[in-house]
Amino acid sequence: MKRNPPVLLAALGFGYAFLYLPVLLLIVFSFNESRLVTVWAGFSTRWYGELARNERILDAAWLSLGVAATSATLATLLGLAGGMALARFGRFRGRLLLTGLLAAPLVMPEVLSGLSLLLLFVSLDQMIGWPGERGFLTIVIAHATFATAYVAVIVQARLRLLDPALEEAAHDLGAPPGRAFLGVTLPLLVPALAAGWLLAFTLSLDDLVIASFTAGPGATTLPMVVFSSVRLGLSPQVNALASLFVLAALLLVAAALWLTRRGASGTRR
Amino acid sequence: MMRRLFIGAPLVWLLAFFAAPFVIVAGISLVPALDAVPPFASPLNPANWTLDSYRLLIHDDLYVAAFANALRIAFTATAIALLIGYPMAYAMARAPERWRGLLVMLVIVPFWTSFLIRVYAWMLLLRPSGLINSALMGLGIVAEPLPLDAGEFAVHLGLVYSYLPFMVLPLYATLERLDPALLEAAHDLGARPWNAFLRVTLPLSLPGIAAGSLLVFIPSVGEFIIPDLLGGADSPMIGKILWTEFFNNRDWPAASALAVGLLALLLAPILAFQAIEKRAASS
């Protein structure tokens, strides 16, 4: 393999600088003493302190974390089932439909998913009196729905790498399908499920548009608070909050990568 | 039993919470708006059905312009992302093998970082008193701050920045799989590197180009956050208009008709993307 010529290295460097510099500068300026967000006036952690005392943000953060954990768990279960069905069950009735339904949320613009789910909730509430007041539950359902598609992709990719001989061996040794799944396939899938859960958690924590549509007047998630304060103007507290978001994302990616690496054992070749 | 549960659970869930909602959107797009709770006439009563919202969709200049703007801006942003992303993916695929994992991870990390925060980072940079304008004025390059924010320039920038990883990753996956022997053969047959690239690498990477471009184009057309935070009043995009109709004007039937229109526009690209994915999965 030949070495990359300088032009390509420059393109690579430019690409990474473009991806990372804005966020790095944001983190630097979160330690800015000045209230004027873009004028440097010395190092300070005061905005982090104010953030920790901001009740509105803390309440929203708790709601967001609860929604993210619940919806990620639901999505992991549904994505596991869907991924298994597509990767292991061969032909079955509804396969084409399930394939489409698991792929479409990946590319659907958020305004469409959000609006359509809200109208479903409103119509259901009119007809059968459920789900009543929109809030935690409706956001969880919305987030679980689109995250299921992401988890299913990860589960399928993992199953494609897993040697089917392992499951066949369990079968040949007389294990019923349920036992073979619980005893052999599921343990091998744990790293993929954990990575999928983390991705679903992150996607939920990050979502503004779908949550804005499906949340009722009483429920405000963290991105909704950030969005409304950003719309009013830049704020140093948002800088601090944003930096914490980036830090959390880095930790989650590291965890997901570690899980994927660990999961590489037991695969083919 | 297990089989039935594994197929049935996700199927029923997605039919109920992903497919059925679109039927309801279509229903509500066919009834007039009311000043009530909920703010629309019942779509279950055929006497209420009307095509008024769709007439508005075709005749209102604002809507037509918003659709046209969204398609145009998404198209240019996709082209720019391809121009930046292709050389990146190409260099990644040619990098020494031990580096590739890290290079790929560096493209994935931004995807895990909050979308809203990444758009916000550009607001900090682009505003009149922001870092870019301060630097340009400090260096004496410009005397007055450039109007970088609140306009099409900023929207393009935001789209390219936010969706670049979606362009790079499928391109990298295609380019990395290419057989180096093909390039060597072209070389041995006397092709210059540039010619070998144009005649061998580029055509073979077309599936990656198509997948990456669609992954950038589709969400860009319906994007709301970027045109709202970085865009100006000059060229509204359809995602933002839909949001405004729904939240500010409370015209749910109009928002539904816009949603149906947007979905109709995106149906072809979405199906094309699924076809490419299917071919890639089977090969």
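Data overview
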read-out: The range A:86-115: number of residues that are touching a residue at least 60 places away in the same chain (Cβ under 8 Å) and either not basic (Lys, Arg) or not in a helix (DSSP H, G or I) (or both); value: 7
read-out: Members of the range B:245-274 that are within 11 Å of chain A (Cβ to nearest Cβ) and farther than 14 Å from B:Leu57 by Cα; value: B:Phe246, B:Phe247, B:Leu266, B:Leu267, B:Pro269, B:Ile270, B:Leu271, B:Ala272, B:Phe273, B:Gln274
read-out: Unique match (being in a helix (DSSP H, G or I), modelled with pLDDT of 85 or more and farther than 27 Å from A:Leu199 by Cβ) among A:Leu78, A:Leu65, A:Leu9; value: A:Leu9
read-out: Among the residues listed as A:Leu26, A:Leu77, the single one being among the aliphatic types (A, V, I, L, M), surrounded by fewer than 20 Cβ atoms within 10 Å (Cβ to Cβ) and at the interface with another protein chain (Cβ under 9 Å from one of its Cβ atoms); value: A:Leu77
read-out: Exclusive hit being surrounded by 19 or more Cβ atoms within 10 Å (Cβ to Cβ) and closer than 30 Å to A:Ser123 by Cβ, set A:Leu241, A:Leu203, A:Leu198, A:Leu188; value: A:Leu203
read-out: Every residue from the range A:29-49 that is part of a helix (DSSP H, G or I) and surrounded by 13 or more Cβ atoms within 10 Å (Cβ to Cβ); value: A:Phe29, A:Ser30, A:Arg46, A:Trp47, A:Tyr48
read-out: Criterion: at negative phi and part of a helix (DSSP H, G or I) - qualifying residue of A:Ala219, A:Ala240; value: A:Ala240
read-out: Selection status of A:Phe227, crowded, with 17+ Cβ neighbours inside 10 Å, within 25 Å of A:Glu110 (Cα to Cα), within 11 Å of chain B (Cβ to nearest Cβ) and touching a Gly at 6+ places or on another chain (Cβ under 7 Å); value: no
read-out: Failed item, numbered, when B:Pro203 is tested on (1) touching a helix residue (DSSP H, G or I) at 6+ places or on another chain (Cβ under 9 Å); (2) surrounded by fewer than 17 Cβ atoms within 10 Å (Cβ to Cβ); (3) free of Cβ contacts under 8 Å to residues at least 40 places away in the same chain; value: (1)
read-out: Residue that is surrounded by the most Cβ atoms within 10 Å (Cβ to Cβ) [pool: residues in the range B:20-61 that are aromatic (Phe, Trp, Tyr) and touching a residue at least 60 places away in the same chain (Cβ under 8 Å)]; value: B:Phe40
read-out: Qualifying helices (runs of 4 or more DSSP H) (wholly inside the range B:58-147; at least 3 residues being out of contact with any Cys (no Cβ under 9 Å at 6 or more places or on another chain) and modelled with pLDDT of 95 or more); value: B:61-94
read-out: Selected residue [assigned to a helix (DSSP H, G or I) and more than 13 Å from chain A (Cβ to nearest Cβ)] from B:Pro207, B:Pro219; value: B:Pro207
read-out: Residues satisfying the stated conditions in the range A:117-137, i.e. touching a residue at least 40 places away in the same chain (Cβ under 8 Å) and in a loop (DSSP other than H, G, I, E, B); value: A:Glu133, A:Arg134, A:Gly135
read-out: A:Ser123 vs. criteria surrounded by 24 or more Cβ atoms within 10 Å (Cβ to Cβ), closer than 30 Å to B:Asp251 by Cα, facing chain B (nearest Cβ under 7 Å) and not hydrophobic (A, V, I, L, M, F, W, C); value: no
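The values are calculated or read from the model by the stated rules, or taken from the named source; none is laboratory data. Because the structure is a prediction, the values reported are computed rather than measured. Don't worry about glycine lacking a Cβ; one is built from the backbone with ideal geometry, like all the others, and counts go over all protein chains shown.
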